[in-house]
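Just so you know, all these numbers are worked out from the coordinates, no wet-lab data involved. The shown structure was predicted, so the numbers you read here are calculated from the model rather than taken from an experiment. Quick reminder, even Gly has a Cβ in these numbers, built from the backbone with ideal geometry, and neighbours come from all protein chains shown.
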Amino acid sequence: MQSFGGKTVVITGASSGIGAVLAKELVQRGARVGLLARRQDRLRQLAQELEQGAPAGTEQPVAAWREADVLDGGALNAALDGLEQELGPIDIVVANAGYGMSESPRRHRPGEAIRLYDTNLFGMLRLIDWALPRFVERRSGHIVGVASVASYAGLPYNASYCGSKAAMRVHLQALRVTLAGQGVAVTTICPGFVKSELTDTVEYPMPFFWSTERAARKIADGIAKRRREVVFPWQMKVLVVMLTRLMPLSWFEAIVRRGNPKGRVKSSS
Ligand SMILES: NC(=O)c1ccc[n+]([C@@H]2O[C@H](COP(=O)([O-])OP(=O)(O)OC[C@H]3O[C@@H](n4cnc5c(N)ncnc54)[C@H](OP(=O)(O)O)[C@@H]3O)[C@@H](O)[C@H]2O)c1
């Protein structure tokens with residue numbers, strides 16, 4: 001197990017799913033965590049759990065939280081400043097806040113796609129706005145973005161989700177090569193299907209489904225090793241490469257249309 005002893009990690013979207021379980025995993029590995037999201041009750045409860053369950057000898061406090069909507073840059077900056085005051089310098093930021101939705105042309109609602117990009121993509125950029133100058137100045141730090149395997153291709157009824165995740169992935173890659181040699185690492189996480197509130201709303205088949213705990217362990221290992229990209233499960237990685245890089249586009253589009261003919265999702269967040 002890779003250690004995070006002495007590291008302070010801020011996670012957006014830490015009130016549920018991957019963000020919450022990653023926070024638990026990192027604390028078990030010796031990190032102190034700053035938790036950000038909109039649902040205060042969830043964050044308060046998680047922070048208490050983390051304090052109670054922290055391994056002996058971990059520096060106190062182990063966890064701090066702030067309510068913040070990643071759509072609001074001013075509030076996000078204030079929350080990050082507050083976490084830094086409480087926990088000390090932040091070493092790693094994880095842009096994890098995000099959501100998906102089914103987009104049917106028949107039920108098109110103006111503004112919905114823009115809001116999704118604003119959360120998934122610009123929410124990450126607002127976090128980077130805060131972190132990057134500090135990390136470059138210190139010549140250390142680590143930016144992590146949770147994109148998706150859906151970032152590799154356009155899938156039916158998921159234009160905004162795939163588009164926002166693709167933009168995250170390419171942005172992070174460009175940032176990584178720009179920052180090479182400056183002490184600041186950039187890691188892109190591309191999960192397949194993972195148990196969370198997001199996938200609880202999905203009705204279509206989700207192959208190679210992972211538990212949140214397994215995903216959090218994989219992500220923590222990738223961050224600790226400062227990997228460029230962490231794509232999982234491996235079967236999904238192979239599928240993505242086969243479908244998007246080796247297959248004619250017309251074949252690929254015929255296959256994905258058949259996989260999700262109606263964009264079945266119970267509700268959107
Ligand atoms: N689960 C999967 O299969 C899967 C696969 C690939 C990628 N991902 C990505 O993993 C990330 C985490 O999702 P999840 O699966 O763990 O789903 P989740 O349980 O729904 O978690 C989403 C988190 O994002 C937060 N969030 C949403 N909008 C926000 C906003 N405007 N400001 C601040 N926080 C916001 C939510 O907190 P509040 O509602 O409390 O604000 C929540 O903590 C997402 O970026 C998602 O796209 C998930």
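May I ask for the net charge around S140, where only other residues with Cβ less than 10 Å from the Cβ of S140 are counted and Lys, Arg are +1 while Asp, Glu are -1? Numbers along the way, then the final one.
Details: positive: R134, R138, R139; negative: D91, E137.
Summing Lys/Arg as +1 and Asp/Glu as -1 gives +1.
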Under 13 Å, Cβ to Cβ, from G123 - net charge with Lys/Arg +1 and Asp/Glu -1:
0
Between R257 and E49, what FRET efficiency follows from the Cβ-Cβ distance if R0 is 30 Å, with the result rounded to 0.05?
0.10
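Restricting to DSSP H runs of at least four residues, report the calculated mean residue ellipticity at 222 nm for the chain, -39500 (n - 2.57) per run over all residues, nearest 500 deg cm²/dmol.
Numbers: 10 runs with 120 residues, N = 269.
Using -39500 (n - 2.57) per qualifying helix, the result is -14000 deg cm²/dmol.
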From the phi angles alone, apply the Karplus equation (6.51, -1.76, 1.60; θ = phi - 60°) to the stretch 47-54 and give each ³J(HN,Hα) in whole Hz, x where the residue is Gly or Pro.
4, 4, 4, 5, 4, 5, x, 5
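Hey, could you grab the Kirkwood Rh for the chain? Inverse mean 1/r over distinct alpha carbon pairs, Å, one decimal.
On the way: mean 1/r = 0.0529 Å⁻¹.
By the Kirkwood definition, the hydrodynamic radius is 18.9 Å.
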Computed FRET efficiency, Cβ-Cβ of V241 and I114, R0 22 Å: what is it to the nearest 0.05?
0.10
Going out from 0 in 5 Å bins, what whole percent of all Cα-Cα distances in the stretch 36-154 drops into each bin?
2, 10, 16, 20, 18, 14, 10, 5, 3, 1, 0, 0
Helix 159-179 vs. the chain, principal-axis angle (Cα, 0 to 90°, nearest 10)
50
GNM flexibility winner over the chain from Y117, Y161, Y204 (Cα, springs under 10 Å)
Y204
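Rounded to the nearest 0.05, what FRET efficiency do W234 and Q85 give with R0 = 45 Å and r taken as the Cβ-Cβ distance? Could you check? Could the numbers behind the result be given before it?
Numbers: r = 41 Å, r/R0 = 0.91.
In this case the efficiency is close to 0.65.
How long are the semi-axes of the equivalent ellipsoid of the stretch 18-68, defined as square roots of 5 times the Cα gyration tensor eigenvalues? Whole Å, largest first.
Working: eigenvalues 64, 22, 15 Å².
Equivalent ellipsoid semi-axes, largest first: 18, 10, 9 Å.
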